Amino acid sequence: MNRNALRTWSANLGLAVLAVALLFGIWNAVILIGNLKPYVLPTPQSAVSQVIDNWHTLQPLTWQTVKETVEGFFIGAIVGFVLAILMSAYKPVQRLIYPVLITSQAVPIVAIAAPLVIIFGFGMLPKLLIVTWIVFFPVAVNVLDGLAHIDADLINLSHVLGATRTREFVHIRLPATLTPLFSGLKIGATYAVTGAVIGEWTASANQGLGTYLLSANSSLNVPAVFGAVMLLTVIGVASFVLVGVAEGLTTPWRRRSTARRRIRLSGDLTSGGGEEPTPLALSSTSGSMKGPQQ
Amino acid sequence: MAEPRLRIDDVSCAFDHGNVIESIDLDVGRGEFVSIVGPSGSGKSTLFNIVSGLIRPTAGRVLLDGQDVTGERGHVGYMLQKDLLLPWRTVVGNIVLGAALRGSVKRADRVRAAELATRYGLGEFLNHYPRALSGGMRQRVAFMRTLALESDLLLLDEPFGALDAQTRLEMQMWLLSVCQDVGATILFITHDVDEAIFLSDRVVVFTGRPGRIAADLPIRTPRPRGLDDLTTPEFIERKREALALLHRHEYTRTEA
């Protein structure tokens, strides 16, 4: 990371911290102005200290919820991506599956949770299903859209260049799915936590943050409720940020004007960077960026 | 006479709404630069799609060095007004796209691509993504991608149509110097009569739909050509001739 990038990055981080501080400020102001009792709305500080004080209890619960979120997210992402590829490659499959996909999202997820538990029992499976159910949809729709919008002339060009179907897929269609894929993943990442909590509310044999929140709520432990909400929010935001980081790493051409791995002809074509020119470092072709000059 | 590099032999093509081109006979010799001008919808691009093998003609044949290649792909280079560069590939990566799509990209392909790009003014941009390039530079990369195929027959369909007038002239002179260098055989579509005369050995004028060859004008201006050639009496005379042909057919078309 060069100095400029570092500066932008720290400025963004500073703004994010400021945004949270602002939120906490408004929260406190609402309590003051409304003269709200702590058992109705506790201060954010008390919710945070509640989390810190009970961290030994909360830590395994948080881990459990993170696990459900992440596993469900990955399964959902894979299912959504594969469905999109299949639908784009075989139009009859698309006509068959697309209405089913839309119907699946019209079903209220909270309503379907209960029957899922009846079918699959208490345990990890129904929870993963619910998260997957939520995540696969934006991924499938975005990737399918991306594939549908590939320029027909580009496909013609690849035919003129003598491409086989497989190579055309690898070099033209597949890379074109990356940007829409990440749009879908970002939406999925923020919703995945919601899926995990709904799953825990209906189907929890294992304790997670969702179940903790329910029991804190029924015992009127309001700071604990807000503490759990905060933790869940952090999981959601962290998922989004991680997806964003992954996007930045896999689609460097959207931010950078030059590739990290460079091709040079015997050192006389060096430009910038200041590293020792390698005789001929092979440049990256598809976004893989492991290289000596990274 | 030697076998022409490209022979279009009595090619006709019809779509649902009737003939698009009719009985096109056209020979292009090795190393020749031939432009096609004609009104919109006269089937110029259809002819290109036939020569490149993207579509099969309803009748007639396409011969390369006497070999019948009608409907076969992968024999010619092809470039459009849209540069169609892949945003995730660098300049070098885009130039070697043909190799990637046909097999694997070897080190030698990259070296050749980098040398090609360096020789023709893209040396500073080898590792740049297309995003960072201007329209003219992008078209240069697209042309390099076409050259890298090692097919010496190039079909260029209004490659500079989207560029501003100044960049366009710059690109025309660039193209002239590159062609001089590599000795490619070029079939070039344009709407711009000036461009056609400036670049070509022959300008073929198409009629309106269905497209037929109305005239085949030889341009005898010696090469290398420069800016001054754009204003010689001979150039103006050729232009007058071509415009009259284009205009006449526009006119009779509206009459009919």
- Is it the case that some residue within region A:173-191 is small (G, A, S) and free of Cβ contacts under 8 Å to residues at least 24 places away in the same chain? no
- Note on the structure: Checking A:K127, A:K67 in turn, the sole residue that is in contact with a helix residue (DSSP H, G or I) (Cβ under 8 Å, 6 or more places away or on another chain), over 21 Å from A:L178 (Cα atoms) and either of a type in the set (V, I, T) or surrounded by 14 or more Cβ atoms within 10 Å (Cβ to Cβ) (or both) turns out to be A:K127
- Please specify each residue of region B:33-44 satisfying the condition of being at pLDDT below 90 and surrounded by fewer than 24 Cβ atoms within 10 Å (Cβ to Cβ). B:P39, B:S40, B:G41
- Note on the structure: Subset of region A:173-187, residues more than 7 Å from every other protein chain (Cβ to nearest Cβ) and closer than 19 Å to B:S104 by Cβ, comes to A:R173, A:L174
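Of the residues A:P126, A:P115, A:P108, only one is touching a Phe, Trp or Tyr at 6+ places or on another chain (Cβ under 6 Å) and over 30 Å from A:F169 (Cα atoms); which?
On the way: A:P115 fails: touching a Phe, Trp or Tyr at 6+ places or on another chain (Cβ under 6 Å); A:P108 fails: touching a Phe, Trp or Tyr at 6+ places or on another chain (Cβ under 6 Å).
On inspection, the qualifying residue turns out to be A:P126.
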- On the given criteria, is B:T167 within 15 Å of the chain's Cα centre (by Cα), of a type in the set (V, I, T) and assigned to a helix (DSSP H, G or I)? no
- Checked A:L96, A:L101 against criteria (closer than 20 Å to A:L181 by Cα and assigned by TED's automatic domain parsing to the domain that holds A:I150); the one match is A:L101
- Message: With the requirement that a residue be under 23 Å from the mean Cα position of the chain (by Cα) and modelled with pLDDT of 90 or more, what does region B:81-97 give you?
- Response: B:K82, B:D83, B:L84, B:L85, B:L86, B:V91, B:V92, B:G93, B:N94, B:I95, B:V96, B:L97
- Note on the structure: Counting only residues that are surrounded by fewer than 21 Cβ atoms within 10 Å (Cβ to Cβ) and farther than 21 Å from A:V139 by Cα, region A:163-181 contains a total of 5
- Query: When you scan region B:56-90, how many residues do you find that are assigned to a loop (DSSP other than H, G, I, E, B) and either surrounded by 15 or more Cβ atoms within 10 Å (Cβ to Cβ) or within 14 Å of chain A (Cβ to nearest Cβ) (or both)?
  - Reply: 22
- Do any residues in region A:46-71 that are farther than 16 Å from A:V229 by Cβ have Cβ atoms under 7 Å from those of residues that are in a helix (DSSP H, G or I), where the two are at least six apart or on different chains, and which pairs are they? A:E68/A:K127; A:E68/A:L128; A:E68/A:V131; A:E68/A:A196; A:E68/A:G199; A:E71/A:L128
- From the list B:A196, B:A148, B:A242, B:A162, pick out the single residue that is small (G, A, S), crowded, with 20+ Cβ neighbours inside 10 Å and closer than 30 Å to A:R255 by Cα. B:A148
- Among what's in region A:144-153 and is more than 7 Å from chain B (Cβ to nearest Cβ) and outside any helix (DSSP H, G or I), pick the residue that is surrounded by the fewest Cβ atoms within 10 Å (Cβ to Cβ). A:H149
- Would you be able to tell me the number of residues in region B:128-160 that are within 15 Å of A:L161 (Cβ to Cβ), part of a loop (DSSP other than H, G, I, E, B) and within 11 Å of another protein chain (Cβ to nearest Cβ)? 3
- Note on the structure: Within region B:91-127, of all residues that are over 22 Å from B:E170 (Cα atoms) and not in a helix (DSSP H, G or I), the one nearest to the other protein chains (Cβ to nearest Cβ) is B:N127
- Tell me, please, whether a residue that is in a loop (DSSP other than H, G, I, E, B), surrounded by 18 or more Cβ atoms within 10 Å (Cβ to Cβ) and not aliphatic (A, V, I, L, M) can be found in region A:154-162. yes
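The values are calculated or read from the model by the stated rules, or taken from the named source; none is laboratory data. Given the structure is predicted, the values throughout are model-derived calculations rather than measurements. All Cβ positions, even for glycine, are placed from backbone atoms using ideal geometry, and neighbour counts span all protein chains on display.
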